[in-house]
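*Asks:* Once you've had a glance at the structure underneath, I'll fire off some questions.
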């Protein structure tokens, strides 16, 4: 059985700690740049260190049976995700909200109605659509379509999204945020409405996993109090 | 992709069907045009927005920018027409289009379209009727479900109301989204109800001339939207709550119009009933009547055609006049054989983008040969 976990950084440490607290020890190499690792006591489980953003598609393809990643990434990368993967247990870490942020001096903009009105005025004046930068295209599009937003377009941004407004390459940002500090540092404010999506890190499995589980794997799931 | 077999006899008879349709369009004077499969995506996305973005296949070319697999023939043909700089012209085409479908949808992502686009002509009712008649004759049999509408009815109704441009713009652009349209109706009927305390404070600051101070207290003004833009919008909001734009009668008129669903023959009368002293709407009803006369003269059995004001509202953005759809009777959710409509506004926008101030009246229609052919085979229609 193949289990994918975040390959580096704070998230990797937090995930290892979480498993440790559950009595599952994950042995990684002392060399932080090495992606080799294994699970003590569970030789059947093959551990794979991968960037969290790649875990959804690996689960979908069947290259991973289990994967630890953010709920936001699963929903963004797998349309109709419940038909392909199952959420087994939430980790209570990596909590973040997918939110809409605008420049903080836009004191007239507090909700989607405002944003829609501004988008229309902006398009009339500038001759092009209000640009919303995000890497969460599917979640953003579904949310804005459900509302009925007009006169905008999504701009792809894979990082440093908050800086795009200052560079006049976007007017609005849709991004994940845990403390809101990155927005504040970039002179942006989060619209005070319900987040598009609340997210945290969780363990996901492909739906086909049940056929593959053998006796020794069962103990692994029992330790995590997961009923498959 | 398509449920039609692409080998053997079916393929040969589909090919014959395609040739039959094109020859009908050519016989009435259309020029057959070839349109590239890969189109520049920026312009199409700017016109149609995110809905199209999620429906089309877009590829990145490091040199040419983003290219889109042709989702539709109309825009490239309008561009071609504008470039040719002639007034009256008629084009026909045939080829594949590509659209992403929803999960588990049985609709094909790749399918054939044969169509015709007609430019020019000042008698709109007559041109609409001619185009409809051409498509109807090309479809070739009459036992059909035919739904029509005229987006000009709602547009005229809105343009004729005594309301400011801001309110008109809001209504016109949300015409396509029933839920949002309802919200706009409510907002402009009773704006104060929708302005929360935070906004009221800002509006008060505006009235007392202190808004600029407040905005200046944010030492960073980033992005393309300026301080002036904010003040202008607050001024609009302030005006919204002082002068409710929509009166009860206006809302009733629009809502009653949206309810109209009848035989095409009864449509002018049903609209006339609601017009009161509304000149714009009277004109729209007269256009409807003229179109009806023209259709009858062309031998169309107008009694079997339905008319719904709200038809075409959810899916046909950029059509702005007559719209129609023809499909099998008694089949719910079936894909129509043919559809089309008037899109003067689209041609106007594209003309302006290409630097021309004048633009021509435009109407067009498409046939889905695979769907039509399949239906005919199943029904034994030759």
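The values are calculated or read from the model by the stated rules, or taken from the named source; none is laboratory data. From a predicted model like this one, the values you see are computed outputs, not experimental measurements. All Cβ positions, glycine included, derive from the backbone under ideal geometry; neighbour counts span all protein chains shown.
*Asks:* Residue check: is residue A:169 touching a residue at least 12 places away in the same chain (Cβ under 8 Å), surrounded by fewer than 21 Cβ atoms within 10 Å (Cβ to Cβ) and under 24 Å from residue A:12 (Cα atoms)?
*Replies:* no
*Asks:* Another question about this same structure. Among the residues of the range B:170-182, write down those that are within 8 Å of another protein chain (Cβ to nearest Cβ) and either more than 21 Å from residue B:49 (Cα to Cα) or surrounded by fewer than 16 Cβ atoms within 10 Å (Cβ to Cβ) (or both).
*Replies:* The one that is within 8 Å of another protein chain (Cβ to nearest Cβ) and either more than 21 Å from residue B:49 (Cα to Cα) or surrounded by fewer than 16 Cβ atoms within 10 Å (Cβ to Cβ) (or both): B:179.
*Asks:* Is it the case that residue B:163 is at pLDDT 90 or above, more than 9 Å from every other protein chain (Cβ to nearest Cβ) and under 30 Å from residue B:319 (Cα atoms)? Before you say what the answer is, go through the steps one by one.
*Replies:* Values: at pLDDT 90 or above: yes; more than 9 Å from every other protein chain (Cβ to nearest Cβ): yes; under 30 Å from residue B:319 (Cα atoms): yes.
Spelling it out, residue B:163 is indeed at pLDDT 90 or above, more than 9 Å from every other protein chain (Cβ to nearest Cβ) and under 30 Å from residue B:319 (Cα atoms).
*Asks:* I need a count of the residues in the range B:237-280 that are in contact with a helix residue (DSSP H, G or I) (Cβ under 9 Å, 6 or more places away or on another chain) and assigned to a loop (DSSP other than H, G, I, E, B).
*Replies:* 9
*Asks:* Among the residues of the range B:199-209 satisfying the criterion of being out of contact with any helix residue (DSSP H, G or I) (no Cβ under 7 Å at 6 or more places or on another chain) and surrounded by 12 or more Cβ atoms within 10 Å (Cβ to Cβ), which is nearest to the other protein chains (Cβ to nearest Cβ)?
*Replies:* B:201
*Asks:* I'd like to verify a number: residues in the range B:219-233 that are in a loop (DSSP other than H, G, I, E, B), within 7 Å of chain A (Cβ to nearest Cβ) and either out of contact with any strand residue (DSSP E or B) (no Cβ under 8 Å at 6 or more places or on another chain) or surrounded by fewer than 16 Cβ atoms within 10 Å (Cβ to Cβ) (or both), how many?
*Replies:* Adding up the residues that qualify gives 2.
Yes/no matrix, rows are residues, columns are (1) in the same structural domain as residue A:103 (by TED's automatic domain parsing); (2) at pLDDT 90 or above; (3) within 20 Å of residue B:353 (Cα to Cα):
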| site | (1), (2), (3) |
| --- | --- |
| A:121 | yes, yes, yes |
| A:129 | yes, yes, yes |
| A:132 | yes, yes, no |
| A:139 | yes, yes, no |
| A:156 | yes, yes, no |
| A:161 | yes, no, no |
| A:168 | yes, yes, no |
| A:171 | yes, yes, no |
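*Asks:* Next question, about the same structure. Condition test on residue B:282, is it under 23 Å from the mean Cα position of the chain (by Cα) and either in the same structural domain as residue B:177 (by TED's automatic domain parsing) or at pLDDT below 95 (or both)?
*Replies:* So residue B:282 fits the description; yes.
*Asks:* Taking the stated definitions as given, is residue A:125 under 25 Å from residue B:219 (Cβ atoms) and assigned to a helix (DSSP H, G or I)? Reasoning before the result, please.
*Replies:* Values: under 25 Å from residue B:219 (Cβ atoms): yes; assigned to a helix (DSSP H, G or I): yes.
Taking the combined requirement at face value, the residue satisfies it.
*Asks:* Hey, another quick one. Given the options A:191, A:207, name the one that is on the phi < 0 side of the Ramachandran plot and outside the structural domain of residue A:140 (by TED's automatic domain parsing).
*Replies:* A:207
*Asks:* Which residues, taken from the range A:123-134, are within 9 Å of chain B (Cβ to nearest Cβ) and either in contact with a helix residue (DSSP H, G or I) (Cβ under 6 Å, 6 or more places away or on another chain) or over 26 Å from residue B:349 (Cβ atoms) (or both)?
*Replies:* Answer for the range A:123-134, where residues must be within 9 Å of chain B (Cβ to nearest Cβ) and either in contact with a helix residue (DSSP H, G or I) (Cβ under 6 Å, 6 or more places away or on another chain) or over 26 Å from residue B:349 (Cβ atoms) (or both): A:129, A:130.
*Asks:* Continuing with this model, one more query. So which residues in the range A:106-122 are facing another protein chain (nearest Cβ under 7 Å) and not in a helix (DSSP H, G or I), if there are any at all?
*Replies:* Once the filter is applied, which keeps residues that are facing another protein chain (nearest Cβ under 7 Å) and not in a helix (DSSP H, G or I), the range A:106-122 yields A:106, A:107, A:108, A:110.
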